[in-house]
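Below is one structure, written out as structure tokens; the observations come after it.
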Amino acid sequence: MFNKAIFVGRLTADAELKQTPNGVSVTSFSIAVARSHAPKGGERQTDFLDIVAWRQTAEFICRYFTKGKAILIEGSIQTRTYTDKSGQNRRAWEIVADSAHFVESKNASGGNPAPAPAPAPEYSSGGVDDFADIDDDGDFPF
């Protein structure tokens, strides 16, 4: 069996780092993911996906990502059952993140601006006389 999910979206709120009673880091948050197509004559729809991350992945997300930041999540889809406050059995679908990645540059996400690129070198127009013949014995160095 194979269960692998990859999503790119934006955090809907800041992720909050929590600890289990055993000291394991965990966070849960949601991301907004735009669908790749729009219905005919309509606007693109957005899905809101629940994500759970553990240990170093949770710590990484909470340290570097905030509400509105784009994020790529790799993980698996899992279900869990629980009983709600009214005693009804419920099922929740969520993505358990194995890793998280940046998808925007710091400049695009409001960080420090990138340094200005170096100016391109200027070349004077040359002639054939600017080149010299190379002796070639036919023995390639590779």
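The values are calculated or read from the model by the stated rules, or taken from the named source; none is laboratory data. All figures in this text were calculated on a predicted structure; none of them were measured in a lab. Every residue, glycine as well, gets a Cβ built from its backbone with ideal geometry; the counts of neighbours run over all protein chains shown.
Just one of (1) in contact with a Ser or Thr (Cβ under 7 Å, 6 or more places away or on another chain); (2) among the aromatic types (Phe, Trp, Tyr); (3) without any contact (Cβ under 8 Å) to a residue 24 or more places away in the chain fails for Trp93. It is (3).
Entry remark, the stretch 50-71: residues being under 14 Å from the mean Cα position of the chain (by Cα) and part of a strand (DSSP E or B) number 4 in total. Take the residues in the stretch 38-90 that are of a type in the set (S, T, N, Q) and exposed (fewer than 10 other Cβ atoms within 10 Å of the Cβ); name whichever of them is farthest from Met1 (Cα to Cα). Top of the filtered list is Ser86. Reported count of residues in the stretch 22-43, each being at positive phi and of a type in the set (A, V, I, L, M, F, W, C), is 0.
Here is a yes/no grid of residues against (1) assigned to a strand (DSSP E or B); (2) at pLDDT 90 or above:
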site	(1), (2)
Gln78	yes, yes
Thr81	yes, yes
Lys85	no, yes
Glu94	yes, yes
Ala100	yes, yes
Ser124	no, no
Asp137	no, no
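Filter the stretch 1-17 for residues that are surrounded by fewer than 13 Cβ atoms within 10 Å (Cβ to Cβ) and touching a residue at least 24 places away in the same chain (Cβ under 8 Å) and give the result. Of everything in the stretch 1-17, those that are surrounded by fewer than 13 Cβ atoms within 10 Å (Cβ to Cβ) and touching a residue at least 24 places away in the same chain (Cβ under 8 Å) turn out to be Asn3, Lys4, Ile6, Ala13, Glu16.
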